[in-house]
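The values are calculated or read from the model by the stated rules, or taken from the named source; none is laboratory data. Keep in mind the model is a prediction, meaning the values are calculated, not measured. In this analysis, Cβ positions are derived from the backbone assuming ideal geometry, glycine residues included, and neighbour counts consider all displayed protein chains. Only protein heavy atoms, including side chains, enter the accessible area calculation; ligands, DNA and RNA are left aside. Shrake-Rupley method; radii C 1.70, N 1.55, O 1.52, S 1.80 Å.
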Amino acid sequence: MSVDYAVVIPTVGRDSLQVVLDALEEGDGPPPREVIVVDDRPDPGPLPPTHSARVLRTGGRGPAAARNAGWRAACCEWVAFLDDDVVPAHDWKLRLVDDLARLGLDVGASQARVVVPLPEDRAPTDWERGTAGLAHARWITADMAYRRAALVHAGGFDERFPRAYREDAELALRVQANGYRIVNGERVTTHPVRAAGFFASLRQQRGNADDALVRRLIGPEWRRRVGGAPGLLPRHAVTAASGVAAVLGGLLGLRRTALAAGGVWAALTAWFAVERIAPGPRTPDEVAKMVVTSALIPPAACLHRLRGEWRHRAVPVAGRERRIVLATDDRLRVSARAGGAVER
């Protein structure tokens with residue numbers, strides 16, 4: 001059975017894009033009707049040879065906007081999203097078509113199994129362990145095929161998400177709320193660990209701003225619904241507050257307050273650093289990286305979360321209106337039982 005599909009690849013110009021395009025050009029299996037590369041750099045430069053792919057440009061608006069531009073430009077029944085840093089297998093096209101050919105109209109998307117190769121001769125670093133989490137993440141668009149009708153009904157990705165973080169899970173929940181199922185396919189795609197600098201884990205804290213938007217769009221139980229691990233923000237808040245109290249206590253001459261708060265800050269920071277160092281290779285470079293960033297991450301996480309809450313303050317919190325209505329109905333019933341006048 002033939003499958004009408006297009007492939008959309010948002011990119012920021014990584015060299016690894018060439019690997020993806022070569023796999024689509026040379027691999028086994030029915031070719032897509034179209035390959036669309038969406039260059040999302042603010043100042044686009046040269047790209048690797050794109051073969052027959054069509055290139056669109058979105059000016060640095062983020063991967064959600066780039067994917068929207070790509071799928072809206074495609075007219076196929078299915079749109080397969082690939083990241084520009086994955087390695088599709090040589091038979092990826094064949095496996096994708098096999099995955100999609102058997103699906104009924106109630107299925108809105110098919111997710112690949114993502115494999116993250118880790119070093120075999122040593123324990124993985126903190127960054128490598130973080131990337132390995134992609135192998136167990138729900139609905140990630142590193143390799144995700146959506147029925148175009150499902151994207152139309154859901155309205156596509158929410159472009160208020162500026163990073164490749166949470167935007168895929170939020171879309172998946174909306175697609176499922178529209179009555180579609182999302183299934184796991186049999187194809188396997190490799191996601192190598194990219195090189196990362198000393199402060200990579202610190203830069204990742206910008207995702208806390210996106211968590212603020214997710215909480216408002218999905219509701220208080222958003223972590224459970226997206227399959228996320230329990231967050232460390234409450235502990236980071238205590239750590240950051242202790243550090244601020246220690247500094248203020250010192251400036252104001254409150255020696256006991258400064259010492260007590262400083263002790264709490266030091267204990268929590270050391271605990272956080274040890275948690276990150278213990279499972280890793282414990283090389284001098286890795287230990288130094290963990291010690292420095294463990295001191296910087298708590299205040300950064302809190303500041304980014306506050307920034308996100310302020311930026312998205314006008315977005316209604318999902319479920320709040322229903323809770324207000326239920327609480328109002330409860331009060332009215334109590335008042336009625338007490339003989340009070342009730343106007344509806």
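Run the dipole for the chain about the Cα centre, Lys and Arg Cβ at +1, Asp and Glu Cβ at -1, nothing else charged, and hand back the magnitude in debye, nearest 20.
Working: 48 positive and 40 negative charges, 408 e Å.
Using only the charged Cβ atoms, the result is roughly 1960 debye.
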> So, in Å, what gap is there between the alpha-carbon centers of region 140-197 and region 271-307?
Replying inline: 29
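Compute the signed sum of charges (Lys and Arg +1, Asp and Glu -1) over the other residues within less than 13 Å, Cβ to Cβ, of Gly227. Walk me through the numbers on the way to the answer.
Numbers: positive: Arg138, Arg166, Arg223, Arg224, Arg225; negative: Asp168, Glu170, Glu221.
The answer is +2.
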> Convex hull over the Cα atoms of the chain, averaged projected area in nm²?
Replying inline: 24.7
> Sorted by mean Cβ packing within 10 Å, highest first, what order do the peptides 104-114, 219-229, 164-174 take?
Replying inline: 164-174, 104-114, 219-229
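Any idea what diffusion coefficient region 266-319 gets from Stokes-Einstein, in µm²/s, Kirkwood Rh on alpha carbon pairs, 10 °C, 1.306 mPa s? Can you show the working numbers first?
Working: Rh = 13.1 Å.
Estimated diffusion coefficient is 121 µm²/s.
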>> With +1 assigned to the C-beta of every Lys and Arg and -1 to the C-beta of every Asp and Glu, and no other charges, what is the dipole magnitude of region 40-113 about the Cα centre in debye, to the nearest 20?
In response: 200
> What is the chain's relative contact order, in percent, from Cα pairs under 8 angstrom and six or more apart in sequence?
Replying inline: 17
> What's the extension gain from Arg313 to Leu254 if we count 0.36 nm per residue and subtract their Cα-Cα distance?
Replying inline: 17.6 nm
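If you count, for each residue, the other Cβ atoms within 10 Å and average over each peptide, how do 241-247, 295-301 line up from highest to lowest?
Working: 241-247: 17.7, 295-301: 20.4.
Highest to lowest by the protection proxy: 295-301, 241-247.
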> Once the dipole of the chain is set up with Lys and Arg at +1 and Asp and Glu at -1 on Cβ about the Cα centre, which of Pro220, Ala258, Pro88 lies farthest towards its positive end?
Replying inline: Ala258
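Can you work out the accessible area per residue across region 121-211, with the rest of the protein chains kept in place, probe 1.4 Å, in square angstrom?
Numbers: 4020 Å² over 91 residues.
Result: 44 Å² of accessible area for each residue.
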